[in-house]
Amino acid sequence: MGVSGVGKSTLGQALSKRLHCPFIEGDALHAAHSVAKMRAGIPLEDADRWAWLDRIGMALREAVLNHGTAVAACSALKHSYRERLSRAGGTTLSLLWLRADAQVLQGRLRSRPGHFMPSTLLDSQLQTLEPPAASENALELDAVYPAEVLVEKALRWLTRETP
């Protein structure tokens, strides 16, 4: 989880390979009207996200039923979004919260041509972000580290070794 440009998809794909489980790309499950809004530089509202979160949760549910575990990349910016994902998925989530400085993120967003999420929406995502509460099953990761380092930290945490 985390704002756009933080490396959710990169980490998620690498982690799913190491865990030999399906990877669910949340961006691929956005409704067309939501993608159009973001392309136009219009931030999504909660109403735009509920069905999207349900689709990701249902994909997680199916993957867990068929493979025992799954990895998904999803912004999951608010506690209520994470609760919705958990309910739709029928499972407790283990969250990897990727974070980085806004300048780093702006640079990453500007360097990915063709993506529907413009760098102009980063500020609204940062304002929306609710860091995971102590009661949530979450590990905070500094996204400036290479994906390989983050995968190792995540695997140690997921297996409950010291990260």
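What follows draws every value from the coordinates through simple rules; no lab data is involved. Here the structure is a predicted model, which means the values were calculated and not measured. Cβ sites come from the backbone with ideal geometry, for glycine too, and all protein chains shown count toward neighbours.
Okay, helix-only estimate at 222 nm for the chain: each DSSP H run of n ≥ 4 adds -39500 (n - 2.57), divide by all residues, round to 500 deg cm²/dmol; what do you get?
Numbers: 7 runs with 81 residues, N = 163.
Here the helix-only value at 222 nm equals -15500 deg cm²/dmol.
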Next on the checklist: Whole-Hz ³J(HN,Hα) for each residue in region 138-145, computed from phi via Karplus 6.51 cos²θ - 1.76 cosθ + 1.60 with θ = phi - 60°, x for glycine and proline: what do you get?
Outcome noted: 9, 10, 8, 10, 7, 6, 6, 6
Checklist entry - Which one of Ser119, Ser135, Ser75 has the biggest mean-square fluctuation once the chain is modelled by GNM with Cα springs under 10 Å? => result Ser135
Checklist entry - Under the definition of Cα pairs under 8 Å and six or more residues apart, what whole-number percent is the relative contact order of region 8-156? => result 30 percent
Item to check | Cα-based radius of gyration of the chain once divided by 2.2 N^0.38 Å, which approximates compact folds | outcome: 0.98
Checklist entry - Check Ala138: other-chain or 5+ apart residues with amide H under 5 Å from its amide H, H built from backbone geometry? => result Leu95
Item to check | Along each principal axis, Cα extent of region 45-113, largest first, Å | outcome: 39, 28, 22
Checklist entry - Which longest run of the chain has no exposed loop site in it, a site being GluC sites (Glu not before Pro) in a DSSP loop with at most 13 other beta carbons within 10 Å, and the site itself not part of the run? => result 46-160
Next on the checklist: About the Cα centre, and with charges only on the beta carbon of Lys, Arg (+1) and Asp, Glu (-1), how big is the dipole of region 1-142? Nearest 20 debye, please.
Outcome noted: 340 debye
Checklist outcome for this item: With Cα springs under 10 Å, the Gaussian network model of the chain assigns the largest mean-square fluctuation among Leu60, Leu98, Leu19 to Leu19
Next on the checklist: Longer than 25 Å from Cα to Cα, which of Lys78/Lys153; Lys37/Lys153; Lys8/Lys78 are they? Say none if no pair is.
Outcome noted: Lys37/Lys153
